[in-house]
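Below you'll find the structure, written out as structure tokens, and then a few comments.
FYI, it's all coordinate maths here, none of it is from the lab. Note that the coordinates shown come from a computational prediction; the quantities given were computed from them, not determined experimentally. Please note: Cβ atoms are built from the backbone with ideal geometry, for glycine as well, and neighbour counts cover all protein chains shown.
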Amino acid sequence: MKKVYETKFKGKTLKIEIGEVAKQADSSVLVRYGDTVVLSCAVVAKKVDLLSDFFPLQVLYQEKLYSVGKIPGGFIKREGRPTDEATLAARMIDRPMRPLFPEDFRNSVQIINTVLSVEQDCDPRLAATLGSSLAVSLSKIPFNGPIASVVVAKVDGKLIINPTVEEQNKSVLDLTVAGTKEAINMVESSAKELQEEEMIEALMYGHEAIKELIKFQEKIIKELAVPKMEYEKLVITDEIKEKVNEVKSRLDAALRIKEKQEKYDAISSIEEEIVEYVKETNKNVPEEELNELIVKYKNAFNSLEYELFRNIVVKEKKRPDGRKMDEIRDLSASVDFLPRTHGSALFTRGETQSLSITTLGALNEYQILDGLSEEEGKRFILHYNFPQFSVGETGRYGAPGRREIGHGALGERALLQVIPNEEEFPYTIRVVSEILESNGSSSQASICAGCMSLMAAGVPIKDMVAGIAMGLITSGDDYTVLTDIQGMEDHLGDMDFKVAGTKNGICALQMDIKIKGITKEILTEALEEAKKARLKILKVMKSAIKEPRKELSEYAPKMLTFNIKPEKIKEVIGKGGETITKIIQEASNVVSVKDVKAVKIDIDDYGKVIIYHKDKKIIEKTKSMIDNIVKELEFGKVYPAVIKEIKDFGCIVEFWEGMEGLVHISKLSKERIENIKDKFSVGDKVEVEVLGLDKKGKIDLRVKEKKSTLKKIVEKIIKND
């Protein structure tokens with residue numbers, strides 16, 4: 001039977017429909033938020049893989065272009081692989097939900113969100129988060145929710161929950177915050193150099209709104225009350241724990257080794273000894289039982305590692321690599337690492353290293369977006385690549401995964417806040433971060449290296465941006481905030497809190513929590529410590545490059561901007577692009593406009609022309625060719641011209657390439673001319689006066705005769721007499 005629940009949330013109708021569609025899923029929820037409609041379905045696998053070392057949760061966010069009245073681009077005309085925005089939306093649902101499933105739950109779970117209709121002012125991502133939370137809460141899947149998420153904007157000093165598109169465009173803050181009724185457990189934000197206290201205020205404001213949505217969900221969950229499934233779990237006996245505890249002192253010593261690979265090798269070696277012990281003492285046990293036993297010992301070993309790590313940090317107030325809690329690892333920064341790129345920079349923090357490269361292109365090389373938003377493209381792009389060799393491993397190589405897309409998006413949001421607008425710097429800008437080493441927060445290293453590479457390329461950014469990752473280790477009521485976390489502190493810790501900004505304020509924020517949530521006090525402390533670290537990193541970056549270069553690289557395209565009359569655009573482009581193609585080919589001496597050496601020309605609807613090329617001479621030649629097409633003769637002026645053709649009734653003269661006119665025989669001379677060829681020849685240079693328009697509306701021209709030297713002398717004598 002169909003059930004409908006309705007409430008008002010920040011001026012919009014929020015309606016939940018259950019029991020009408022997708023009834024074969026374990027649970028399905030249709031969320032109507034304004035005119036936005038999202039279907040969220042949850043399904044749990046009946047079989048369980050107890051030997052898996054992770055919880056197999058898959059969250060999908062499927063954008064259907066019919067939801068915004070679009071037909072997909074390309075030849076196939078159907079939705080293909082998820083867009084980056086869809087991938088990021090799925091991650092923003094996964095991240096706050098994942099920590100709320102039981103740690104020992106190993107049944108595969110899929111949460112599928114299908115966007116069916118979109119009202120731009122009612123964000124489908126927020127509807128999908130609510131739908132995902134309700135779908136799982138109303139299923140047999142064990143879950144310690146519900147959760148919800150909201151977007152917080154700040155316009156004219158006022159905080160707004162779930163802003164309209166117009167409000168968001170005016171906002172200095174774009175903050176997505178998710179959590180339970182008790183605490184925040186996921187943050188994603190970009191901001192225009194917001195102060196730390198302003199960010200805390202926005203986070204708390206968002207959490208209050210989340211509580212309203214959770215209260216609405218709890219009413220539905222209580223009424224429909226679905227019993228939770230019993231699930232199979234691995235039981236680790238006291239005997240196993242006692243045996244693993246025999247390596248406690250050695251594992252404790254291994255955790256205190258400073259160098260990453262040496263530390264990991266030492267820990268792996270101890271774990272391998274335990275595995276070998278299990279194999280030797282259980283030779284007659286069937287393979288399936290043996291594998292299960294090995295997993296139990298490994299789990300006990302991991303629990304011991306977790307416990308020892310927390311004791312070192314929270315109780316002893318020490319870090320495994322010997323650093324103080326607020327100490328940053330060794331930093332180094334340099335620019336011009338690569339000789340032929342438009343801009344490059346190398347940034348190293350401890351055992352994390354990013355090589356970032358900036359490339360400049362014409363405005364028409366912007367990225368086209370085929371998604372659900374009204375935004376059709378973007379001219380600033382940051383891509384993040386994470387090869388397996390950066391952590392000393394082998395692994396999959398192929399299309400970027402969710403991690404690469406997410407880290408790239410975070411870096412892009414941070415640096416976008418200081419990128420000059422199109423009027424100030426009419427280029428498409430691409431930054432690529434190649435991670436060469438990784439031991440903690442390579443995304444923040446990408447921001448630091450990316451910023452320096454932009455400056456080296458001559459992009460006039462508004463200020464330098466640096467990023468740092470903060471961590472949290474809890475033990476009961478005790479906690480410790482860590483600055484510049486490394487891989488192990490991230491893996492065994494409770495929080496990954498990334499903060500990027502300028503000396504003046506925050507530009508981007510990302511937080512993931514592995515526990516149920518964190519308090520305002522922890523958030524405040526983490527942001528304050530992050531600010532101190534950011535200012536230290538900025539000093540090191542400034543030692544490598546103090547300000548954006550005034551000149552572009554010799555290998556970067558130079559640019560010239562000018563305007564033509566909008567009605568002349570058609571003449572420059574020509575039929576089917578014939579004229580502009582000819583200009584590009586002749587000016588840059590190439591056969592094809594796709595040649596990398598070809599000059600690039602951008603013309604907008606208002607007549608603004610931008611020419612790009614490495615060689616300024618080619619740019620000037622291109623401009624001259626366009627000027628010749630759009631230049632017009634002015635009435636009353638005299639122009640130099642060349643006779644191109646002689647007819648019986650007059651001469652065709654050329655003022656410049658593409659501009660010709662006819663001088664009637666009667667206006668070639670004051671004297672009567674019987675035969676034009678007796679007085680003029682093809683190639684003669686003449687002075688031609690533009691009189692105006694004749695009766696037929698054509699330009700009326702007259703040759704101005706040059707006075708003889710003798711005549712000029714006589715006229716001068718008469719004038720002086």
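Compared with the dominant principal axis of the Cα atoms in the chain, helix 287-310 is inclined by about 80°.
Between the Cα long axis of helix 520-544 and the first principal axis of the chain there is an angle of about 50°, rounded to the nearest 10.
Can you give the log10 of the normalised intensity I(q)/I(0) at q = 0.17, 0.18, 0.30 Å⁻¹, computed with Debye over equal Cα scatterers of the range 452-501? Listed by q, the Debye log ratios stand at -0.60, -0.63, -1.07. The gain in end-to-end length when the K695 to K170 segment is fully stretched comes to 183.4 nm, 0.36 nm per residue minus the alpha carbon separation. Our helix-only sum for the chain, with -39,500 (n - 2.57) per DSSP H run of n ≥ 4 divided by its residues, gives a mean residue ellipticity at 222 nm of -10000 deg cm²/dmol. Within the range 172-325, the ratio Rg/Rh, alpha carbon atoms throughout and Rh by Kirkwood, equals 1.14. The reciprocal of the average 1/r between distinct C-alpha atoms defines the Kirkwood hydrodynamic radius, which for the range 308-371 equals 15.7 Å. Note the direction-averaged projected area, equal to a quarter of the hull surface, for the Cα convex hull of the range 141-243, in nm². Answer in nm², one decimal: 10.8. Around the amide H of F337, modelled in the peptide plane, lie the amide H atoms of S344, A345, L346, all under 5 Å away and 5 or more residues distant in sequence or on another chain.
Once the C-beta distance of A253 and I515 is scaled by a Förster radius of 25 Å, the resulting FRET efficiency is 0.35 to the nearest 0.05. For the range 420-430, 3J(HN,Hα) computed residue by residue from phi via the Karplus equation (6.51, -1.76, 1.60; θ = phi - 60°) reads x, 6, 4, 5, 6, 8, x, 10, 7, 10, 10 Hz, glycine and proline entered as x. Sparse packing (at most 16 other Cβ atoms within 10 Å of the Cβ) combined with a DSSP loop state is found for the following chymotrypsin sites (Phe, Trp or Tyr not before Pro) in the range 211-296: Y231. Each listed q (0.23 Å⁻¹) maps to a log10 I(q)/I(0) for the range 558-650, found by the Debye formula over equal Cα scatterers with no solvent: -1.16. In this rough spin-label picture, where each label sits 7 Å from Cα along the Cβ direction, the E20-F649 distance is 7.7 nm.
Eigenvalues of the Cα gyration tensor times 5, then square-rooted: what semi-axes does that give for the range 429-520, in whole angstrom, largest first?
Equivalent ellipsoid of the range 429-520: 29, 15, 9 Å, largest first.
Shape annotation for the range 373-480: C-alpha extents along the principal axes are 53, 37, 33 Å, from largest to smallest.
Around the amide H of E119, modelled in the peptide plane, lie the amide H atoms of D35, T36, V37, all under 5 Å away and 5 or more residues distant in sequence or on another chain. Round to the nearest 10 and give me the degree value, 0 to 90, for the angle of helix 260-281's Cα axis relative to the longest principal axis of the chain. Roughly 40 degrees between the two axes.
Given axes a ≥ b ≥ c from the Cα gyration tensor, I'd like to know whether the range 117-184 is rounded (a/c under 1.5), prolate (a/b larger than b/c) or oblate.
Judged from the Cα gyration tensor, the range 117-184 comes out oblate (a/c at least 1.5, b/c at or above a/b).
Here is the size of the chain from its Cα atoms: Rg then Dmax, 34.8, 134 Å. Put in order of Cβ neighbour count within 10 Å, fewest first, the listed residues E551, E167, E305 become E551, E167, E305. Can you pull out the chymotrypsin sites (Phe, Trp or Tyr not before Pro) in the range 605-711 that DSSP calls coil and that have at most 15 other Cβ atoms within 10 Å? Counting only loop positions with at most 15 other Cβ atoms within 10 Å, the chymotrypsin sites (Phe, Trp or Tyr not before Pro) in the range 605-711 are Y606, F635, F649.
Below 8 Å, C-alpha to C-alpha, sequence gap of six or more: please give me the relative contact order for the range 76-230 in percent.
22
Take every Cα pair under 8 Å whose residues are at least 6 apart in sequence, average their separation, divide by the length of the range 440-574, and the relative contact order is 27 percent.
In loop segments of the range 370-466 as defined by DSSP, the GluC sites (Glu not before Pro) with at most 16 further C-beta atoms inside 10 Å of their C-beta are E374, E375, E376, E393, E422, E423, E424. Placing pseudo-labels 7 Å out from each Cα toward the beta carbon at K462 and K70 gives an inter-label distance of 2.7 nm.
Using a cutoff of 8 angstrom between alpha carbon atoms and counting only pairs six or more residues apart, the relative contact order for the range 544-634 works out to 34 percent.
Debye-formula intensities of the range 153-208, expressed as log10 I(q)/I(0) at q = 0.14, 0.27 Å⁻¹, are -0.33, -1.16 (one equal scatterer per alpha-carbon, no solvent).
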